[in-house]
Amino acid sequence: MATPLRYALISLLWCTIAAIYSPLVPAAFALIIPALSVKHWLALFADPQLSQALLATLTSVTIATVGALAIALTVIVALWPGAKWLRLCARLPWLLAIPHVAFATSALLLFAEGGWLYRTFPFFSPLLDRYGIGLGVTLAVKESAFILWILAALLSEKHLSQQVIVLDTLGYSRLQCLNWLLLPSVAPALGAVMLAVVAWSLSVVDVAIILGPGNPPTLAVLSWQWLSQGDSEQQIKGALASLLLVGLLVAFALTGYLLWRYWQRTLPAISGVRHRRSSTRPGKTLSVMLPLTGVLCALLLALIAHPASVNHEALINSLYLGLAASAIGLIVILLWLEWGPARGHRWLWLPIILPALPLVTGQYTLALRLELDGQYATVIWGHLLWTLPWMLFALRPAWQRIDPRLILVAQTLGWTKGKIFCCVKCPLVVRPALLAFSVGFSVSIAQYMPGLWLGAGRYPTLTTEAVALSSGGSNAILAAQALWQLLLPLLVFALTALISRWIGYSRQGLR
């Protein structure tokens, strides 16, 4: 590629990344400026809903985080390494493809008052959930699949499985293997994953509207309600509540770090004492139940849904937005991996590890200032802030595994960087790129607040319709919206898996 053209492409790439991540700046200002006034803080703390909302948030996030980690570690202790672990890993992408709103809707239709469980067994009565316990349990089940997916990549190193086999052979229990070998090996990466889980659980709005306590709701929903009002005083309270969510994220991270350091000090020196072999039955049961939750979710929605009641406009909008956001995201990610900086780009992960509500506020502020709200392209731009880091997360490991000897051979043949990128690197990562496209589509389908705020209510999606219907209305219509929200990512995952298999079959080197 000619040098001037390469420089122009790099400049265009940096401008695109800057445009996608530009909401971080107004989001920071929107949070910091109201926080400088003591009067605003006093008004926030005087609100009678705050204490209950804070308690519900702390309860649901703690249950979600601790529960998801406990489920994932229990399954790993029981199955890893082995054939059953590999079979579970093959099923995880299908469970991950189920959007959170569809998963929450099936839980609502099953366990809420008037749901299938209480209609079938009328002698049971639903308990009042003021602390978001149901929300926390649902998030724990859904997020445990995500943690297992990440751990599957971290535990793929051959020397780790060999060390575990040695410990098993010497008679140490699986719990000792977990404490002495696995957790110390994966702790840095696992800490970042848990931070992402906490951030998402703290700021989740759509699932909390469906499942969470109603009045007062969780802090994220309360903040979203304040920010949605026209009164400036309420909007300031919403901004401060968003800042409070960031503070809670820091508090959770600090607590987790301190617990980790304390746990490290309690580890005794390896004295050769073998503990009794712990039972692996709970982990094996959970490994069977986890994929079944996805199957149960799909079956329940299919049984209740009325096929003709789906909102076709919402279906088409969701499809187009998902395809556009994931296609643009894939192109930008491939160019970034090739011509972006080799180091110092960890800030690209910020949308994953920060609460979403302040970022959406920044997007909305920027769109209002530029008078771009209510446009289709603005909604796609809003989705890219989350699809881009998740697609980078899925594609970057495969890009780093490209054999540098192939690049060296191409360079000795006199190939330009552009030709090497198109004819060597892209074909080598085509299968991970298809997986990244599926992940980006699924993330885009699940977006609620960007579609609602940036689209100014003009572009209904399956997610916005499902959340709106969850507060009342026909269960058949609600189930139809949630079912199609589930089916679209599954269809894209299935299509990309078929293409990936065909490519692997026709190109021997990619098998």
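The values are calculated or read from the model by the stated rules, or taken from the named source; none is laboratory data. In this text the structure is predicted, and so the values were computed from the model without any measurement. Positions of Cβ are backbone-derived with ideal geometry, glycine not excepted, and every protein chain shown enters the neighbour counts. The accessibility values were calculated without ligands, DNA or RNA, using every heavy atom of the protein model including side chains. Shrake-Rupley method; radii C 1.70, N 1.55, O 1.52, S 1.80 Å.
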Residue within region 457-480 that is in contact with a Gly (Cβ under 7 Å, 6 or more places away or on another chain), within 16 Å of W224 (Cβ to Cβ) and open to solvent by 10 Å² or more (accessible area, probe 1.4 Å) present: yes
Any hit, region 21-41, residues being surrounded by 14 or more Cβ atoms within 10 Å (Cβ to Cβ) and among the charged types (D, E, K, R): no
Residue match in region 133-151 (condition: more than 24 Å from S444 (Cβ to Cβ) and not aliphatic (A, V, I, L, M)): yes
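Conditions (1) modelled with pLDDT of 80 or more; (2) surrounded by 13 or more Cβ atoms within 10 Å (Cβ to Cβ); (3) among the charged types (D, E, K, R), marked per residue:
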{"position": "L86", "(1), (2), (3)": "yes, no, no"}
{"position": "L92", "(1), (2), (3)": "yes, yes, no"}
{"position": "P99", "(1), (2), (3)": "yes, yes, no"}
{"position": "L110", "(1), (2), (3)": "yes, yes, no"}
{"position": "F121", "(1), (2), (3)": "no, no, no"}
{"position": "I133", "(1), (2), (3)": "yes, yes, no"}
{"position": "I147", "(1), (2), (3)": "yes, yes, no"}
{"position": "E157", "(1), (2), (3)": "no, no, yes"}
{"position": "L160", "(1), (2), (3)": "no, yes, no"}
Subset tally (residues that are open to solvent by less than 30 Å² (accessible area, probe 1.4 Å), part of a loop (DSSP other than H, G, I, E, B) and either more than 30 Å from K419 (Cα to Cα) or of a type in the set (F, W, Y) (or both)) for region 369-406: 1
Elements of type helices (runs of 4 or more DSSP H) in region 165-223, at least 3 residues being of a type in the set (V, I, T): 183-203, 206-211
All positions within region 427-454 that are at pLDDT 90 or above, closer than 13 Å to N317 by Cβ and among the aliphatic types (A, V, I, L, M): I445
Residues being open to solvent by 20 Å² or more (accessible area, probe 1.4 Å) and either among the polar types (S, T, N, Q) or within 22 Å of the chain's Cα centre (by Cα) (or both) - total across region 70-84: 4
Residues (open to solvent by 40 Å² or more (accessible area, probe 1.4 Å) and touching a residue at least 40 places away in the same chain (Cβ under 8 Å)) located in region 339-368: W347, W349, L350, I353, L354, Y364, T365, L366
L335 being part of a helix (DSSP H, G or I), under 16 Å from P23 (Cβ atoms) and not basic (K, R): no
Residue within region 227-235 that is over 16 Å from A53 (Cα atoms), without any contact (Cβ under 8 Å) to a residue 24 or more places away in the chain and among the charged types (D, E, K, R) present: yes
